[in-house]
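Trainee: Handing you a structure now.
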Amino acid sequence: MEKDKTNAENPLKVNRRHFFSQLSVGIGSLALGSLLIPDLFKGGGVKELTDMPLGIPHFAPKAKRVIYLFQAGAPSQLETFDHKPTLRKRMGEDLPESVRNGQRLTGMTSGQDKFPLMPPTVKFNQHGNSGAWVSDFFPHIAKIADDICIVRSMHTEAINHDPAITFFQTGSQISGRPSMGSWMSYGLGSENKNLPSFVVLTSRGKGNSQGLYSKLWSSGFLDSKHQGVLLRSGKDPVLYLNDPDGISRSDKRHLLDHVSSLNKLHHVETGDDEIESRIAQYEMAYRMQMSVPDVMDVSKEPESIVKLYGEDCQVPGTYAANALQARRLAENGVRFIQLYHQGWDQHGNLHNEMAGQAKDVDQASAALVLDLKQRGMLEDTLVIWGGEFGRSNYCQGKFDPANYGRDHHPRAFSIWMAGGGIKPGLNYGKTDEFGYNIVENPVHINDFHATLMHTLGLDHEQLTYKYQGRRFRLTDVAGNVIKDLLA
Amino acid sequence: MTLKTKSHWVDYAIFGLSVFLVFCLIFDSFLELPVLVAWLGRWHPVLLHFPIVLLLGAILISLTNKNVPYPLLTLACITALITAISGFFLGADVSAKGDLLLWHQWLGAGVALLSALWFWLDKITLGQEMYTKGLQVLLIVLIGFTGHYGGMVTHGEDFLALPSSKKQEKIPENPLIYRHIVNRILENNCISCHNPNKQKGELLMTNLKEILKGGESGNILIPGNPNESEMIMRLHLSTEDEEHMPPEGKRPLDQTEIQILERWIALGASDTLRLDALEMGEPLVALVKELMEPDPMDKWTVLPKVADSTIMNLSSDYLSIKRIASHSDALKINIFLSPEHDPKSITDLHRIANNIVELDLSAMPIGSKEMEMISSCVNLEWLEIDRTPVTDDDVDKLKELTKLSILKIYETNIGDKSISVFKGLQNLKSLYLWKTGITQGSLDELKKIKPNLLINNGIKEGVNAFFVDTDTIQKDIKTE
């Protein structure tokens, strides 16, 4: 699967390991090995794909692109999609130890001697033919209940924001691995060479926020052309993309041609493949000078679409504007569009902050799904909505029914997905009556990644990259495709 | 003088080895070999190359009427005997020898003993007689067959079969769970080692009786109890584990395959159970159905081959051509509007028209020439011509595209005349025609004729009104 780039092409790039592995002794021992162990080279399924060029899925995909509406900070499952009336009945009671069962806590609540159960701050209703429970914070998402698949049994290992969000985005709690968008770009290639295949858009709500770092969309050890490109709101979506005054486009062309020839010389000297990536990126930026302003210009959107997403979609930098932008980028062949909306970290003032955050994202998220659907794009676009973990069913700090917050909770939380080969109108997974532990169909983050890759036609065990002597995958050594979720 | 003494030793060695080999063959079933001796057998695959080369070399020299050099013939003969004996040791590891192995054993022994005979004939200077020549020709034939059977033992009986002849039997409509499903999984994953010719771990998996009998370590399948069944337990071990099956280097079973085996065992591991006898909610039904579903890639195997260079030549920064999946000749094409758009880049695609399965021409300024090209894409399943200047006359050109399944043609000027084309498209599943000139009456008519067709004419009025009226987004949102 992966190209062992360090190996071929340039004679200067032979390192000690390659030197030894290429000695004729190595070849001779392989031959001997094949005699003694006849199956050594017979090859199982793993070998078959090794000669496959990248940029092509392993099997026919259902989804061709992903729009990931990431709710950074972790929205409470108990105020969004996981309806737990028991919490209202038993308000103020201490969370039974048998339920918590030794779950480690964050530094913020580990000092508490009581864990009073807190009710949902909002009413729930069932919606659509699927009878999905959705809280009244999300009246618009409730309208698309039959188009989405709600998974209430997500779980993770991380209990703090940074490792948790890093785990979701890169498959590892420790930074440094490629982001999932980079993996998809690496595995599937680009549909439109005039735009990056992985684009990031951020927005911020009024709720308690946690930081977002560019490592979340980094390409890690993959070629840097797979890196996520952050598009800013406002006049210059990409900084320094426009030519300075007095420089014409043909001047720019000459400049690039010359720089490129110098870079090529350097590449011949050193054999460093990143130089080739650099050349390609200059060219991409040149083409993006034309393509980006066009894609980012939402002024051409008709009134009906503006109304659908909400008036705020005309205000650059809002979640609504980014959601509309995401559709336009998807239409133009961007593979992976990652939105982040910050402000979902409700350790206190749960009701008011949730209400504000929900208002930011509810209409635009639902509008995006409806808009994609009427354009036939839900057929091959996967939309995902969710945060990095869930929130505790007990309150943080002293028991106060008038104003409370929830701490982090990794054992169960809810997300939803739509389109791209995912079964619409499905309610998947169940938690116990406290909304604390999963009792049916758990979905680990590795499983989520494996399933997402499956919809894109990628086998999560086959898409690997060899780095520092081992093969890496997005799902590392775990993950199963959850077939029940597939349409 | 010294040479003569030496050759005596050689005579004794060859005689001794021959006798030992015959002894082994006769008392085959009574022998219990010590571990070290069995280990010596492992060298058989290395040793066997010596007698093949040496014997063939010696025969070649002899058949050209030259005297075979004494050391060559001696070495050929001794290695032939040692190889045969080591092969016998290796075979002793296998509890019950299959047909292939028996043939290989007797042929191999034949080669060794005949070469000993030749050595003796040569010694008494009958090396150039006609019957010695006959013996040599016979040896060539025997070496060939011995090698062939040996190869089949290690690499499988179908190793030399042509790849295409390995086609699997189609699963019938209402399959027997054991015969058509379980056995297929075993055949693909287990039987290459657990067959009468190899019998790893003294286990045969070629039929249910043998599976129930178990192997070296006892029962492997307990009907009704998958969790206690060794064959299932081993599938669940981590792939690094020594005991994991299939062993390292072979493809592990996928989740569906494991679950099928588990459910089949849980239901009693019967060989008479049929799919339609299963209850409605039984998970095995869905699992088996999944396995029976034809691979969507199969229908594309008949497409003409298309070379990577052709794809490269027709591609540009604004026109991407991709294979639907690796090793597939089905193509998916996306075209975006370039500032210097040349319609020829689209019409040139007629060269690969038969391979185009998905075509995205959204928002492109296409006209009748481009539509001409589209109409030649007879295998087209997915077409996006939304936001284009197409007209009813253009749509008429789509009527030959019988495989078309998804058509996106929203925001165009087509009208009711196009309905008749849509009616004729047999495989059409989804039709997107929001914001066109088609009237509600015609749509209703189309719905009546094609009740299974998904017609999307925009967001439902009620839902849309809700979004327009209840704009919940805050006006005073903070922007960065």
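The values are calculated or read from the model by the stated rules, or taken from the named source; none is laboratory data. What you see is a predicted model, and the numbers here were worked out from it, not measured in a lab. In this analysis, Cβ positions are derived from the backbone assuming ideal geometry, glycine residues included, and neighbour counts consider all displayed protein chains.
Trainee: Give the residue that is nearest to A:V292 (Cα to Cα), with candidates limited to residues of region B:338-354 that are surrounded by 14 or more Cβ atoms within 10 Å (Cβ to Cβ) and within 14 Å of chain A (Cβ to nearest Cβ).
Mentor: Selected residue: B:S338.
Trainee: Which residue, of A:E440, A:E461, is over 20 Å from the mean Cα position of the chain (by Cα) and not basic (K, R)?
Mentor: Within the list A:E440, A:E461, the selection yields A:E440.
Trainee: Are any residues in region A:449-485 in contact with a Lys or Arg (Cβ under 9 Å, 6 or more places away or on another chain), within 14 Å of chain B (Cβ to nearest Cβ), modelled with pLDDT under 90 and outside any loop (DSSP other than H, G, I, E, B), and if so, which ones?
Mentor: Residue satisfying the conditions is A:D484 alone.
Trainee: Still on this structure, please answer the following. Looking only at region B:32-44, which residues are modelled with pLDDT under 90 and either exposed (fewer than 13 other Cβ atoms within 10 Å of the Cβ) or in a helix (DSSP H, G or I) (or both)?
Mentor: Correct list: B:E32, B:P34, B:V35, B:L36, B:V37, B:A38, B:W39, B:L40, B:G41.
Trainee: When the residues of region A:225-251 are filtered to those that are buried (at least 16 other Cβ atoms within 10 Å of the Cβ) and in a helix (DSSP H, G or I), which remaining residue is modelled with the lowest pLDDT?
Mentor: A:K225
Trainee: Yes or no: A:A326 within 14 Å of chain B (Cβ to nearest Cβ) and in a helix (DSSP H, G or I)?
Mentor: no
Trainee: Let me ask you something else. Out of B:P172, B:P252, I need the residue that is assigned to a loop (DSSP other than H, G, I, E, B), under 24 Å from B:R274 (Cα atoms) and without any contact (Cβ under 8 Å) to a residue 24 or more places away in the chain. Which one?
Mentor: Only one candidate qualifies: B:P172.
Trainee: Still on this structure: Would you check if there is a residue in region A:436-449 being in contact with a helix residue (DSSP H, G or I) (Cβ under 7 Å, 6 or more places away or on another chain), surrounded by 20 or more Cβ atoms within 10 Å (Cβ to Cβ) and more than 25 Å from A:D82 (Cβ to Cβ)?
Mentor: Taking every residue of region A:436-449 in turn, none turns out to be in contact with a helix residue (DSSP H, G or I) (Cβ under 7 Å, 6 or more places away or on another chain), surrounded by 20 or more Cβ atoms within 10 Å (Cβ to Cβ) and more than 25 Å from A:D82 (Cβ to Cβ).
Trainee: Next question, about the same structure. Could you please tell me which pairs satisfy a Cβ distance under 6 Å, a separation of 6+ or placement on different chains, a first residue in region B:365-387 that is closer than 21 Å to B:P339 by Cβ, and a second residue that is in a loop (DSSP other than H, G, I, E, B)?
Mentor: Pairs found: B:I366/B:T388; B:R387/B:S362; B:R387/B:A363; B:R387/B:E411.
Trainee: Could you look through region A:286-316, keep only residues that are outside any helix (DSSP H, G or I) and at the interface with chain B (Cβ under 10 Å from one of its Cβ atoms), and pick out the one that is farthest from A:N242 (Cα to Cα)?
Mentor: Applying the filter and picking the extreme gives A:G310.
Trainee: Let me ask something else about it. Under 6 Å between Cβ atoms, at least 6 apart or on separate chains: pull out the pairs that start in region B:288-300 with a residue that is facing chain A (nearest Cβ under 8 Å) and end on any residue that is of a type in the set (A, V, I, L, M, F, W, C).
Mentor: Once the first residue is facing chain A (nearest Cβ under 8 Å) and sits in region B:288-300, its partners that are of a type in the set (A, V, I, L, M, F, W, C) give B:P296/A:A60; B:M297/A:A60.
Trainee: Can you tell me which residues in region B:421-453 are farther than 19 Å from B:L380 by Cβ, of a type outside the set (D, E, K, R) and out of contact with any strand residue (DSSP E or B) (no Cβ under 9 Å at 6 or more places or on another chain)?
Mentor: B:T436, B:G437, B:I438, B:T439, B:Q440, B:G441, B:S442, B:I449, B:P451, B:N452
Trainee: May I ask you to list the residues in region B:324-337 that are under 24 Å from the mean Cα position of the chain (by Cα), surrounded by fewer than 22 Cβ atoms within 10 Å (Cβ to Cβ) and within 7 Å of chain A (Cβ to nearest Cβ)?
Mentor: Once the filter is applied, which keeps residues that are under 24 Å from the mean Cα position of the chain (by Cα), surrounded by fewer than 22 Cβ atoms within 10 Å (Cβ to Cβ) and within 7 Å of chain A (Cβ to nearest Cβ), region B:324-337 yields B:A325, B:S326.
Trainee: If I ask for residues that are among the hydrophobic types (A, V, I, L, M, F, W, C) and within 27 Å of the chain's Cα centre (by Cα), which ones from region A:234-259 would you list?
Mentor: Those that are among the hydrophobic types (A, V, I, L, M, F, W, C) and within 27 Å of the chain's Cα centre (by Cα): A:V238, A:L239, A:L241.
Trainee: Can you work out which of the residues in region B:373-404 that are under 36 Å from the mean Cα position of the chain (by Cα), in a loop (DSSP other than H, G, I, E, B) and surrounded by fewer than 18 Cβ atoms within 10 Å (Cβ to Cβ) is nearest to the other protein chains (Cβ to nearest Cβ)?
Mentor: Residue satisfying both the conditions and the ranking: B:K403.
Trainee: Of everything in region B:95-125, what is part of a helix (DSSP H, G or I), of a type in the set (K, R) and closer than 24 Å to B:L204 by Cβ? Give them in sequence order.
Mentor: Within region B:95-125, no residue meets the criteria.
Trainee: Still on this model: In region B:39-54, what residues are more than 14 Å from every other protein chain (Cβ to nearest Cβ) and without any contact (Cβ under 8 Å) to a residue 60 or more places away in the chain?
Mentor: Once the filter is applied, which keeps residues that are more than 14 Å from every other protein chain (Cβ to nearest Cβ) and without any contact (Cβ under 8 Å) to a residue 60 or more places away in the chain, region B:39-54 yields B:V53, B:L54.
Trainee: Tell me which strands (runs of 3 or more DSSP E) are completely within region A:114-184 and hold 1 or more residues being within 14 Å of another protein chain (Cβ to nearest Cβ), farther than 20 Å from A:L452 by Cβ and of a type in the set (S, T, N, Q), or say none if there are none. Steps first, please.
Mentor: Working: elements: A:124-127, A:132-135, A:148-155.
Passing ranges, in order: A:132-135.
Trainee: Looking only at region B:356-372, how many residues end up being on the phi < 0 side of the Ramachandran plot and within 14 Å of chain A (Cβ to nearest Cβ)? Even if it seems obvious, please write down each step before you answer.
Mentor: Taking region B:356-372 first, the residues on the phi < 0 side of the Ramachandran plot are B:356-362, B:364-372.
With the extra rule that they be within 14 Å of chain A (Cβ to nearest Cβ), the set shrinks to B:357-362, B:364.
Going through region B:356-372 one residue at a time, the tally reaches 7.
Yes/no per residue for (1) more than 27 Å from A:S197 (Cβ to Cβ); (2) in the same structural domain as B:I414 (by TED's automatic domain parsing); (3) in contact with a Lys or Arg (Cβ under 6 Å, 6 or more places away or on another chain):
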residue	(1), (2), (3)
B:K299	yes, no, no
B:V302	yes, no, no
B:D317	no, yes, yes
B:I324	no, yes, yes
B:N334	no, yes, no
B:I346	no, yes, no
B:P365	no, yes, no
B:C377	no, yes, no
B:D393	yes, yes, no
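Trainee: Search region B:185-204 for residues that are without any contact (Cβ under 8 Å) to a residue 40 or more places away in the chain and in the same structural domain as B:I232 (by TED's automatic domain parsing) and pair each with any residue that is surrounded by fewer than 20 Cβ atoms within 10 Å (Cβ to Cβ) and among the β-branched types (V, I, T) when their beta-carbon atoms are under 7 Å apart and the residues are at least 6 apart or on different chains.
Mentor: B:I191/B:T206
Trainee: Let me ask something additional. Considering each of A:S190, A:S182, A:S197, A:S172 in turn, give the residue that is over 25 Å from A:Y428 (Cα atoms) and out of contact with any helix residue (DSSP H, G or I) (no Cβ under 6 Å at 6 or more places or on another chain). Don't jump to the end; show me each part of the working.
Mentor: Details: A:S182 fails: out of contact with any helix residue (DSSP H, G or I) (no Cβ under 6 Å at 6 or more places or on another chain); A:S197 fails: out of contact with any helix residue (DSSP H, G or I) (no Cβ under 6 Å at 6 or more places or on another chain); A:S172 fails: over 25 Å from A:Y428 (Cα atoms).
Going through A:S190, A:S182, A:S197, A:S172 in turn, just one is over 25 Å from A:Y428 (Cα atoms) and out of contact with any helix residue (DSSP H, G or I) (no Cβ under 6 Å at 6 or more places or on another chain): A:S190.
Trainee: Can I ask one more? Give the residue that is surrounded by the fewest Cβ atoms within 10 Å (Cβ to Cβ), with candidates limited to residues of region A:129-156 that are under 19 Å from A:R406 (Cβ atoms) and not hydroxyl-bearing (S, T, Y). Walk me through it before giving the result.
Mentor: Our first condition is that a residue be under 19 Å from A:R406 (Cβ atoms); within region A:129-156, this holds for A:133-138, A:152-156.
Next cut, not hydroxyl-bearing (S, T, Y) only: A:133-134, A:136-138, A:152, A:154-155.
Values: A:W133: 20, A:V134: 25, A:D136: 14, A:F137: 26, A:F138: 25, A:R152: 27, A:M154: 27, A:H155: 21.
It comes out as A:D136.
Trainee: Mind checking which pairs have a first residue in region A:196-211 that is within 13 Å of chain B (Cβ to nearest Cβ) and closer than 15 Å to A:N322 by Cα and a second that is outside any loop (DSSP other than H, G, I, E, B) and of a type in the set (S, T, N, Q), Cβ under 7 Å, 6 or more apart or different chains?
Mentor: Here the result reads A:L201/A:N322; A:L201/A:Q325; A:S203/A:N322; A:R204/A:Q342; A:G205/A:Q342; A:G205/A:Q357, each pair linking region A:196-211 to a residue that is outside any loop (DSSP other than H, G, I, E, B) and of a type in the set (S, T, N, Q).
Trainee: If you don't mind, another one. All but one of (1) more than 21 Å from B:V468 (Cα to Cα); (2) within 11 Å of chain B (Cβ to nearest Cβ); (3) in contact (Cβ under 8 Å) with a residue 40 or more places away in the chain; (4) surrounded by fewer than 17 Cβ atoms within 10 Å (Cβ to Cβ) hold for A:G348; state the number of the condition that does not hold.
Mentor: (2)
Trainee: May I ask you to verify whether B:A84 is surrounded by fewer than 18 Cβ atoms within 10 Å (Cβ to Cβ) and either modelled with pLDDT of 90 or more or closer than 27 Å to B:C193 by Cα (or both)?
Mentor: When the stated conditions are applied, B:A84 does not pass them.
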